[in-house]
1. With surrounded by 15 or more Cβ atoms within 10 Å (Cβ to Cβ), within 25 Å of Ala33 (Cβ to Cβ), assigned by TED's automatic domain parsing to the domain that holds Glu56 and at pLDDT below 95 as the only criterion, which of Val192, Val144, Val166, Val162 stands out?
2. Take segment 125-141 and flag every residue that is under 24 Å from Ser67 (Cβ atoms) and either outside the structural domain of Leu107 (by TED's automatic domain parsing) or out of contact with any Phe, Trp or Tyr (no Cβ under 8 Å at 6 or more places or on another chain) (or both).
3. Among the numbered criteria (1) over 28 Å from Tyr265 (Cα atoms); (2) within 20 Å of the chain's Cα centre (by Cα); (3) part of a helix (DSSP H, G or I), which one does Tyr116 miss?
4. Evaluate segment 70-80: report whether one residue or more is more than 20 Å from Leu120 (Cβ to Cβ) and in contact with a strand residue (DSSP E or B) (Cβ under 7 Å, 6 or more places away or on another chain).
5. Could you check segment 27-51 and list, in sequence order, the residues that are among the hydroxyl-bearing types (Ser, Thr, Tyr) and either closer than 22 Å to Ala97 by Cβ or surrounded by 10 or more Cβ atoms within 10 Å (Cβ to Cβ) (or both)?
6. Kindly evaluate Leu72 against the criterion of being touching a helix residue (DSSP H, G or I) at 6+ places or on another chain (Cβ under 9 Å), on the phi < 0 side of the Ramachandran plot and surrounded by fewer than 17 Cβ atoms within 10 Å (Cβ to Cβ).
7. Condition first: without any contact (Cβ under 8 Å) to a residue 24 or more places away in the chain, surrounded by fewer than 16 Cβ atoms within 10 Å (Cβ to Cβ) and under 19 Å from Gly199 (Cβ atoms). Can you find one or more residues in segment 115-125 that meet it?
8. Just one of Thr257, Thr185, Thr242 is among the polar types (S, T, N, Q), under 30 Å from Pro274 (Cα atoms) and free of Cβ contacts under 8 Å to residues at least 24 places away in the same chain; which is it?
Amino acid sequence: MNSFRRIFSLLSLSFRRLPVTTLLLLASAGLFAVRLTIPLFENSIDPRHYFPGALERLVVVEHPEISGYFQLWRGDWWRILVSGLHHGSLLHLVLNALLIWSCGAVLEPRFGRRRYAFFLTAALLISALPEIVIESNFIGLSGVGYALFGVLLILRRVDPQVAKFVSPQFVWMGFSWLFLCIPLTQLQVFAVANGAHLGGLLYGAFVGWQFFVVGQRRPWIAVLSLGLVHGLAVCWVSYAVTPFRNGAYFAWKATDTRDFGNVVYWQRATDLDPHQVWAWQHQIAIAVAEQDWAKAWGLCLNAAKANRSEETFIDIARQLWAELEKALLISTAQQMLDQTFGPEAVAWKQRIFGGTANRFSRESQNGVPVPIDDIVPEPTLSIEVSIDDDLPDFRHSGQLDLLKTSVDENNARLGESS
């Protein structure tokens, strides 16, 4: 009982002296307790990889070109904050807590509670943004710790009391750890959010300079500068939620909304990222469903050119050729192939049609294609589009039986155009 009273007394004292810092550390400690407790009642949960509410980069298993922060793209921006509150181990939590508590004891009284709470929230978001850019799974308050360190680096220049607290040894240790973590991460000794460290340091130093130096002389300049930086941060977060320059985002958007027939999403995906194989497949499937063989052929050629090692489009091109022949579009198709591949057209004809480059149908004098083979079996062209990842509400699997063709794939010799 005495132990509980002592803990309660310490917490009461902490709330009176440093309420914002105490709440931040209690939130982190609470999430760490949740991580350890819930797996005890759920055997399927691995506590080493269990970070409830945290932001995580996900990959579509069957289509790895579609990857990113799917949760964030759904609008869950608050997961950035939760990721910062999580910690991978007790040592990780304790080290960050000691740094933030010691720095908070100096800075919270000088900022004031409201401004300090805003600063910590902004530091959580802004320090995480570099990690989001490089698509890294990040956790921990170290970015916030370095933001506080950045403020102290400025404040020690103008406040003698802070200069006594922030000794040269403290500064040396802070920068040594900052630069030491980079090779340790590259050598895979352990994973460190170096982008969050550097981003937090720069943000903290900027806020410290504006608030404690510029703000003392020209307050209006400090207000404008801080407003501009935080406005840019809001824009950055907004782009992270809706990355309109990311091809994977539009491919994911079509799948997540189950709007598989929305050609606008698929086209936008391949315009931004030509390596979006699944998006190309969907565009071809839509064109085939509309029996627009020339469009399907053009899409297939461009997809093959952008994804040279992908055999899927070579197989589709071979089967599309039969429908082009039936639609009397052989000459047009050959011209499209020549225009798409230019000097490489002959090599691509050899790759698509086998060892002979000139496997195009002959044309009679009236321009009607004349097939070389008289025996025409009826194979089926199918384009499969499927998705499968770890999200239970993000699964779809289907097969489109799109074409019934009349081409003998084994014996067809499509000849050469006149």
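The values are calculated or read from the model by the stated rules, or taken from the named source; none is laboratory data. What you are looking at is a predicted structure, and each value in this text was computed from that prediction instead of being measured. Heads up, the Cβs are rebuilt from the backbone with ideal geometry, glycines too, and the neighbour counts pull from every protein chain shown.
1. That would be Val192, the only listed residue that is surrounded by 15 or more Cβ atoms within 10 Å (Cβ to Cβ), within 25 Å of Ala33 (Cβ to Cβ), assigned by TED's automatic domain parsing to the domain that holds Glu56 and at pLDDT below 95.
2. Selection gives Leu125, Pro130, Val133, Ile134, Ser136, Asn137, Phe138, Gly140.
3. The single condition Tyr116 does not satisfy is (2).
4. So far as segment 70-80 goes, yes, one or more of its residues are more than 20 Å from Leu120 (Cβ to Cβ) and in contact with a strand residue (DSSP E or B) (Cβ under 7 Å, 6 or more places away or on another chain).
5. Correct list: Ser28, Thr37, Tyr50.
6. So Leu72 fails the test.
7. yes
8. When all the criteria are applied, what remains is Thr257.
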